[in-house]
Amino acid sequence: MSDAVTNHFVKADIMEVSPKYIKRYVKEALSDDLLRQAVLKATATAVTKRQERVDETPYWELLRQRARSYKKEIVDHLGWYLDSFARHCEEGGITVHWAADGEEARNIILDIARKNNVKKVVKSKSLTSEEIGLNTALLAEGIDAIETDLGEYIVQLQGKIPSHLTMPALHLSRQDIGRIFEKKLGVAYTDDPNELLGIARARLRQHFLSADMGITGVNFGLAEEGCLCLIENEANAHLSLSLPRVQVALMGLEKMIPGLEALPVFLKLLAPSATGQRSSSYVNFIGGPTRKLLGEGPEEVHLVLLDNGRSRIAKDPVLRETLHCMRCGACLNICPVYQQIGGHAYGWVYMGPIGSTLIPQYLGEDEGRYGPFLCSLCCACRDTCPVMIDLPSHLLDLRNRVVEAGKSMLLERLGIRGWALLARHPLLYRLATWFPGKAQQLLPRGAAFPAPGYTRERALGRFDVRGFRKRFIRERSVRQKNKNSQSSPSSGERNDNE
Amino acid sequence: MRRVGEDRPAGKKELLERFRKELIAADGEFVPVKKEKDAAGEIIRIASETGGDTLTISAEEEVLSLGRLVEKESSLRLIRVTDLPAKERKEACAASKLSLVRAAYGIADIGALVFPYEESGTSWPHFLAGCLMVLLPADKILPDQFEFMKTLDKRKARNMVLVSGPSRTADIEKILILGAHGPARVVVLAV
């Protein structure tokens, strides 16, 4: 593969995002009709397929309960399981590294790359590597880091981050992808999905065959066996771990499960929840270097165990439950907010309901203050989550924490203070609820108060001219009268006679 | 009261039927064969459909024996993984359209094949060829993943892969396409 072809990764203008700018991203997303169509179509398909799998599994709820109890057991005894897992991994020949944060993890991986004189890395999809900004660090070191999952490859060429946990290029149409390939790979434009895959497959096959190092994520770490489990559909993860000399697996601490016997529970939940399949095409087990046998597979297998705030979250009596997440993306697909704004609007690598809980936890209540508010509290995510995370409750809890930390929006703070003042002074309250109805009469007939911004997307009703208080008292007395007349014995007799 | 695994098939015949059904649902192909000669005939037929002139094979005794028969009865050139050093083998596997390997187990409820490569030392033929043909002894089909994890010799299972059908992607507008990076076709020859 010529340098001219791989250089676009080095020069790529990698999307810089921050949850601080969520309001701007949301506004942009809401005005992009094509994006909304693409997201709605993809999520609707995913929701339907998942439901088909759920309906055909008679013991689905039992699986969810079991998965939840396994995850709870791990998070409740995280230190013990980590020690056991690391010890068993090392017995199998896996070198275990501990990284307190993203910077330490990046340095460990760069160090491994330097020691092995690595020039090219093939990466299989890893959200944890996105979390620590690994690609940028590798590129800065002069190492070509090539994403090999088709969706990730497309968004890497586009210079963006994934817009979904399991469908990275969900925001793009086939025409968009055709144009990206034409511009970045120098091929003739096509929007035929088979041809587009053929182009990517041919390019990436050459990268697989010539890469020095493979970087993968980990879906499940098996504590009892010291084994890494990696789930995929494309075979890119297996090629990333079996062709290069060195393999690095980057794993968040929370990805452990007790062992092999617990694994089927998670496998039976993950594929239906993520892609609507009964089973993913490939379930890889990595237990150590295999090159000594026939010269295949890695000479060295490194496992980087990333904390980056996870052990702090594990100590939180309420929010520790968010560490149960398998990153299946089912909560994104069902979420009416995600369906409208897509993934990039969240401003970080985790999005949707689970992302909204992780953003303030990982990035702090200042940078992540808007995350928990991207939710309508419809609770669909809680009913869908395969490990039964109570996401709406956690989002409410995080909203409280944002407010208590003084990080809520100025307008909101002023509004709540104003309301508190009125609520303490009944006369002022009466005036405040009476005044808008009267002031409105000065407007042309039928017109409501102007509310720039708000009325661009929706209608604003007119205030009742009697004022809120009078209307409330009147309607309450009417309701009371109706109730009395329904419950009185005489009315009952009259009805019977009728 | 619901029970995990309550949809588990009971008898041998039901197991094979469930495996066949699930494999086909996962876009795999199921070919029952009685004798080695029948299996060789199927391989030659698939090779003529695919247009490949080489067949990469893994090193298990049953596969080597079947490979020899195929070589005798057709013009297909055989590449045994143990014959070549790693660098040449990698290129040969990547260039080959066809491969033949053996599965240690089948898992009926998801139509999956189990390949432990702790002992065989190879997984390139399983992933690099366009069409993967798999020899599966019918008596090695287990009802589900729960049963499989219990049966497994955990010392030999450290490096292993479960395969359910061809490699696939739906990353372009959720349109399913087979043959993303691995085989586009998986044919199980159930013996």
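The values are calculated or read from the model by the stated rules, or taken from the named source; none is laboratory data. Note that the structure is predicted; figures quoted are calculated from it, not measured. Every residue, glycine among them, receives a Cβ derived from its backbone with ideal geometry; neighbour counts consider all protein chains shown. With ligands, DNA and RNA removed, areas are computed over all heavy atoms of the protein, side chains included. Shrake-Rupley method; radii C 1.70, N 1.55, O 1.52, S 1.80 Å.
Before moving on, here are some points about what is shown:
- First in segment A:102-127 and touching a residue at least 40 places away in the same chain (Cβ under 8 Å) and part of a helix (DSSP H, G or I), second anywhere and open to solvent by 30 Å² or more (accessible area, probe 1.4 Å) and polar (S, T, N, Q), Cβ under 9 Å, 6 or more apart: A:102/A:308; A:105/A:308; A:112/A:95
Residue-by-condition table, conditions (1) open to solvent by 10 Å² or more (accessible area, probe 1.4 Å); (2) among the polar types (S, T, N, Q); (3) within 14 Å of the chain's Cα centre (by Cα):
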residue	(1), (2), (3)
B:88	yes, no, no
B:114	no, no, yes
B:123	no, yes, yes
B:160	no, no, yes
B:168	yes, no, no
B:188	no, no, yes
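- Residues of segment A:272-302 satisfying the condition of being touching an Asp or Glu at 6+ places or on another chain (Cβ under 9 Å) and assigned to a strand (DSSP E or B): A:282, A:283, A:284, A:285
- Neighbours by Cβ (under 8 Å, 6+ apart or cross-chain): first from segment B:133-157, within 14 Å of chain A (Cβ to nearest Cβ) and in contact (Cβ under 8 Å) with a residue 60 or more places away in the chain; second basic (Lys, Arg) and surrounded by fewer than 20 Cβ atoms within 10 Å (Cβ to Cβ): B:143/B:8; B:144/B:8; B:147/B:8
- Among the residues of segment A:199-236, those that are within 9 Å of chain B (Cβ to nearest Cβ) and in a helix (DSSP H, G or I) comprise A:200, A:201, A:204, A:205, A:208, A:209, A:236.
- Some residue of segment A:349-368 being assigned to a loop (DSSP other than H, G, I, E, B) and modelled with pLDDT under 90: yes
- Of the residues A:250, A:294, A:332, A:241, the single one that is within 11 Å of another protein chain (Cβ to nearest Cβ) and crowded, with 24+ Cβ neighbours inside 10 Å is A:241.
- Taking (1) touching a Lys or Arg at 6+ places or on another chain (Cβ under 8 Å); (2) more than 19 Å from residue A:81 (Cβ to Cβ); (3) open to solvent by 20 Å² or more (accessible area, probe 1.4 Å); (4) within 7 Å of another protein chain (Cβ to nearest Cβ) in turn, residue A:288 satisfies each apart from (3).
- Selected residue (only one of A:143, A:154 is modelled with pLDDT of 95 or more, over 21 Å from the mean Cα position of the chain (by Cα) and open to solvent by less than 20 Å² (accessible area, probe 1.4 Å)): A:143
- Listed by position, the helices (runs of 4 or more DSSP H) enclosed by segment A:376-431 that each have at least 1 residues that are under 27 Å from residue A:50 (Cα atoms), touching a helix residue (DSSP H, G or I) at 6+ places or on another chain (Cβ under 8 Å) and open to solvent by less than 70 Å² (accessible area, probe 1.4 Å) are A:380-384, A:391-404.
- Of the residues in segment B:106-129, at least one is more than 9 Å from chain A (Cβ to nearest Cβ), of a type in the set (A, V, I, L, M, F, W, C) and either more than 30 Å from residue B:45 (Cβ to Cβ) or touching a Lys or Arg at 6+ places or on another chain (Cβ under 7 Å) (or both).
- Selection within segment A:188-205 - open to solvent by 30 Å² or more (accessible area, probe 1.4 Å) and either modelled with pLDDT under 95 or not polar (S, T, N, Q) (or both): A:188, A:189, A:191, A:192, A:195, A:198, A:199, A:201, A:202, A:203
- Candidates A:248, A:218, A:283, filtered to the one that is touching a Lys or Arg at 6+ places or on another chain (Cβ under 6 Å) and of a type outside the set (S, T, N, Q): A:218
- When every residue of segment A:57-65 is checked against the conditions, none turns out to be modelled with pLDDT under 95 and of a type in the set (D, E, K, R).
- Counting the residues of segment B:167-188 that are more than 20 Å from residue A:45 (Cβ to Cβ) and at the interface with chain A (Cβ under 7 Å from one of its Cβ atoms) gives 3.
- Test result for residue B:83, of a type in the set (D, E, K, R) and open to solvent by 60 Å² or more (accessible area, probe 1.4 Å): yes
- Condition check for residue A:159: away from chain B (no Cβ under 14 Å) and either surrounded by fewer than 21 Cβ atoms within 10 Å (Cβ to Cβ) or modelled with pLDDT of 95 or more (or both): yes
Let's see how each residue does on (1) within 28 Å of residue A:36 (Cα to Cα); (2) among the aromatic types (Phe, Trp, Tyr); (3) out of contact with any Cys (no Cβ under 7 Å at 6 or more places or on another chain):
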| position | (1), (2), (3) |
| --- | --- |
| A:288 | no, no, yes |
| A:300 | no, no, yes |
| A:316 | no, no, yes |
| A:332 | yes, no, yes |
| A:347 | yes, no, yes |
| A:350 | yes, yes, yes |
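- Residue check for residue A:261: open to solvent by 10 Å² or more (accessible area, probe 1.4 Å) and in contact with a helix residue (DSSP H, G or I) (Cβ under 6 Å, 6 or more places away or on another chain): yes
- For segment A:77-99, a residue qualifies if it is over 19 Å from residue A:225 (Cβ atoms) and open to solvent by 60 Å² or more (accessible area, probe 1.4 Å), and exactly one does: A:98.
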